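The values are calculated or read from the model by the stated rules, or taken from the named source; none is laboratory data. Model, not experiment: these values are computed from the prediction. We place every Cβ from the backbone using ideal geometry, glycine too, and count neighbours over all the protein chains shown.
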Amino acid sequence: MVVTGEMESNVTEPESFWQFLQEMDPVWTTTVLLVPCVVVLTAGLFYLYSTVVGLLSKTSVRNKVVVITDALSGLGKECADVFHKGGARLILCGKSWEKLEELEDDLANASDPTLTFPSKLVLLDFGDMDSLPDVISEILECYGCLDIVILNSSLKVKAPVQSVSLEMDKLLMDNNYFGPATLAKGLLPSMICRRTGHLLLVNSIQGKLAMPFRTAYSASKHAVQAFFDSLRSEVEEYGISVSTINHTFISASIEEAETPSKSICSLLYSKKPLGITPEEAATEIVKTLSNKRKEVLIAPSLPKMAVYARSFFPNVFFAVMAAGVKHAEASENM
């Protein structure tokens, strides 16, 4: 016997996505549709904001007189390149006249001479404090005024405190504190007369966070940080901005980075994993000048946490530092 007719099936046809949304609660439907749109819109706004800020930053230095100390360092050269292409009137300072001339030639060859200005060169050595009055006069004579001063020079020493001589301590203080402070004081009257200007100190994170085996270096960085923090309040009434940028380490290339140490301290201050490139630092400097931010900390999460731990949990911080020193000594003895 043959049974005709259609058999009922328990298998239902798959619903379309839109049918599924129609059967859902209206609130859930709105959420499912709205969230991706919000994410895409937010990403677009951030991209647009970054683009606008980048364009404004590049034009913010056009025709400005910019002094860069230690222009021969990796960061100094990068800043010189960025500001030169941006149309700034550069005054490049360094210890070697020959290398300054080479830098000037490199900048001129890499840019359009109709859109840029020739750089002025000034010999500057913070280790020779007696020469600073003449240097200050020479800088002021270049253009007769100043708009931006980037204080970038730094001298580093890593050694146990008992092995660092008093002469080295004084040399560190001259290069990292007395030099920048004296130069700023000498150039400040020109800015006060014009009631405009921007002083930017490129400082180390050790201006906020002292590390073992860097006693004199940390002391000099703390001192110069305090100087410019105090100066900021004094000159605000004259329309002068003061900014400080604290970074972990500026590494020109991966090859120049140190082999990571196993000590706990190295996690907070190491060159390779936690450092920044000159390009990143220069970009942050341009943004800081454009936005007139007072203080910028360029560091990964762990060093930032260490800065806060030093302020709020000092006993814990010092215990970690002491443990790091003991661990380093034990590793060296193995």
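Summary table below
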item: Single residue of region 262-277 satisfying the filter (surrounded by 16 or more Cβ atoms within 10 Å (Cβ to Cβ) and not in a helix (DSSP H, G or I)) that is modelled with the highest pLDDT; result: THR277
item: Number of positions in region 199-228 that are among the polar types (S, T, N, Q) and touching a Leu at 6+ places or on another chain (Cβ under 7 Å); result: 1
item: Set SER241, SER251: member being under 14 Å from the mean Cα position of the chain (by Cα), farther than 18 Å from ASN175 by Cα, crowded, with 17+ Cβ neighbours inside 10 Å and of a type in the set (S, T, N, Q); result: SER251
item: Residue in region 109-119 that is within 14 Å of ALA80 (Cβ to Cβ), in contact with an Asp or Glu (Cβ under 8 Å, 6 or more places away or on another chain) and in contact (Cβ under 8 Å) with a residue 24 or more places away in the chain present; result: yes
item: Test: residue in region 97-105 that is surrounded by 15 or more Cβ atoms within 10 Å (Cβ to Cβ), modelled with pLDDT of 95 or more and under 18 Å from GLU279 (Cβ atoms); result: yes
item: Any hit, region 163-170, residues being touching a residue at least 24 places away in the same chain (Cβ under 8 Å), of a type in the set (Lys, Arg) and either surrounded by fewer than 21 Cβ atoms within 10 Å (Cβ to Cβ) or under 18 Å from THR244 (Cβ atoms) (or both); result: no
item: Options ILE276, ILE285, ILE298: the member that is in contact with a Cys (Cβ under 8 Å, 6 or more places away or on another chain) and among the aliphatic types (A, V, I, L, M); result: ILE285
item: Of all residues in region 108-133 being among the hydrophobic types (A, V, I, L, M, F, W, C), out of contact with any Phe, Trp or Tyr (no Cβ under 8 Å at 6 or more places or on another chain) and in a loop (DSSP other than H, G, I, E, B), the one that is modelled with the highest pLDDT; result: LEU124
item: Region 146-178, residues that are hydrophobic (A, V, I, L, M, F, W, C), under 22 Å from GLY76 (Cβ atoms) and more than 20 Å from the chain's Cα centre (by Cα); result: LEU146, VAL157, LEU171, LEU172, MET173, PHE178
